1. Would a scan of segment 171-184 turn up a residue that is in contact with an Asp or Glu (Cβ under 9 Å, 6 or more places away or on another chain) and without any contact (Cβ under 8 Å) to a residue 24 or more places away in the chain?
2. Consider Leu358 carefully, then state whether it is touching a residue at least 60 places away in the same chain (Cβ under 8 Å), surrounded by 18 or more Cβ atoms within 10 Å (Cβ to Cβ) and closer than 28 Å to Ala262 by Cα.
3. Would you mention how many residues in segment 343-352 are open to solvent by 10 Å² or more (accessible area, probe 1.4 Å) and either within 19 Å of the chain's Cα centre (by Cα) or not acidic (Asp, Glu) (or both)?
4. Lys75 fails exactly one of the following numbered conditions: (1) open to solvent by 40 Å² or more (accessible area, probe 1.4 Å); (2) out of contact with any strand residue (DSSP E or B) (no Cβ under 7 Å at 6 or more places or on another chain); (3) more than 11 Å from Arg92 (Cα to Cα). What is the number of that condition?
5. So which of Tyr308, Tyr303, Tyr209 ends up being open to solvent by less than 10 Å² (accessible area, probe 1.4 Å) and not β-branched (Val, Ile, Thr)?
6. So which of Gln321, Gln377, Gln340 is among the polar types (S, T, N, Q), more than 18 Å from the chain's Cα centre (by Cα), over 19 Å from Ile142 (Cβ atoms) and modelled with pLDDT of 95 or more?
7. Among (1) among the aliphatic types (A, V, I, L, M); (2) in contact (Cβ under 8 Å) with a residue 24 or more places away in the chain; (3) farther than 22 Å from Leu141 by Cα; (4) open to solvent by 20 Å² or more (accessible area, probe 1.4 Å), there is one condition Ile42 misses while meeting the rest; what is its number?
Amino acid sequence: MKRFSALFAILFSVMAFAQQQGKLRKVATVGFLNVENLWDTIRSADYIDGTKDINNPAFHRSIPMDSIKFLEAEKYDGPWSDSALKDKKVIRYQGGSEEFTPKSAKNYTAKIYRAKLANEAKVISEMGAQYTKTAPAVVGLIEVENRQVIEDLIKEPALKKYDYGIIHYNSYDYRGIDVALIYQKRRFTPTHSLKKELKVFGDEGRREYTRDILVITGFLDNEKVAFFMNHWPSRRGGEAVSLPKRNAAAALLKQQMDSVRAADPTTKLFAMGDFNDDPVSSSLKNHLKAQASPKDLSDANPYLNLMYPLYKKGVASLAYQDAPNLFDQIIVSKNLVSDQVTKEYSVYKAEVFAPAYLVNKEGNYKGYPFRSWNGDQFTGGYSDHFPAFVVLQKEP
């Protein structure tokens, strides 16, 4: 088996747009990581109470299986969407919940769960810290089961002192995993959030349920920003066959970004996540129209893929069957690009974060991300993806 080149396993920097004199000014890290199946140990289902307001967290919540018998629910065979479930009370069973319990083949015990939480908290606390000397101001999370696992995560000693808030919505993903955002309350103030359901279809026109795109607006250190968290449909069934689904995700993301930008062109936009495509893929190049270089930016094409230069250097955030990919990307609006330091935030640099402890050190997967699971065996590792972050800077 080919080895994952060590080139992909060290820290890489790019996009030092602002040529600074001396050390960094006021700084902030925005990043994300795929937490590789962060589930609690309790077998769960989703309960949708369509009699409640759609913005009420109780409209769609995760519940232990043992509590189902106490809830009113009807049999339901229709489409799964918030609008279709209005005024209904139904149970949606999660495809992945049974896999992560003490009685499963994984023997997923409270001890393993605590180790998993500690591992992910360590990674989050250190992202960008070599530049900012603190934990990230805003962090996106991919592959979380429910709000409870995020609550448990931010209570970990490595994160608790930063007082993170949570933005999370349950999705109708077939496995039961979601995207979410955590943020330091003293630095980011959310003003509005929503989820956009991605409607994609497989064989015979059947709806396939996947993760939502999470849209959040607010103020980061008093600057108006918007975050778009993504976990696009996988390449299951083959890259070419599944590409239309990611093209649809790109079109939905662009529509949401364009909408926020049209409402207020001064808002600074960050789209990030696991796109399950590389920066040169059709979804990102042709449908989102994420540009490769600052010189290509314009009013018609205002979005820059910070990871394109890394990709061209051979940097990867994961590998599958010996093929390296850079699926984990951050895309920003052109008002975050500047050739000098000003009183507003601009990009200083973007990195794929791969310190030594996140890298597999031996065996057939030497140099790969040190993932949490090898089949049903917990490895003590962190994730099957390297995280990514961007450091912002401005005059104090």
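1. Among the residues of segment 171-184, not one is in contact with an Asp or Glu (Cβ under 9 Å, 6 or more places away or on another chain) and without any contact (Cβ under 8 Å) to a residue 24 or more places away in the chain, which makes the answer no.
2. Considered against the rule, which asks whether it is touching a residue at least 60 places away in the same chain (Cβ under 8 Å), surrounded by 18 or more Cβ atoms within 10 Å (Cβ to Cβ) and closer than 28 Å to Ala262 by Cα, Leu358 comes out as no.
3. 3
4. Just one mismatch for Lys75, condition (3).
5. From the options Tyr308, Tyr303, Tyr209, the qualifying one is Tyr303.
6. Details: Gln321 fails: modelled with pLDDT of 95 or more; Gln340 fails: modelled with pLDDT of 95 or more.
Exactly one of Gln321, Gln377, Gln340 is among the polar types (S, T, N, Q), more than 18 Å from the chain's Cα centre (by Cα), over 19 Å from Ile142 (Cβ atoms) and modelled with pLDDT of 95 or more, namely Gln377.
7. Here Ile42 meets the rest and fails (3).
Here is a yes/no grid of residues against (1) without any contact (Cβ under 8 Å) to a residue 60 or more places away in the chain; (2) closer than 28 Å to Glu223 by Cα:
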position	(1), (2)
Tyr303	yes, yes
Lys312	yes, no
Asp322	no, no
Leu326	yes, no
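The values are calculated or read from the model by the stated rules, or taken from the named source; none is laboratory data. A quick note: this is a predicted structure, and the numbers were derived from the prediction, not measured. We place every Cβ from the backbone using ideal geometry, glycine too, and count neighbours over all the protein chains shown. Areas reflect the complete protein model, heavy atoms only, side chains present, ligands, DNA and RNA absent. Shrake-Rupley method; radii C 1.70, N 1.55, O 1.52, S 1.80 Å.
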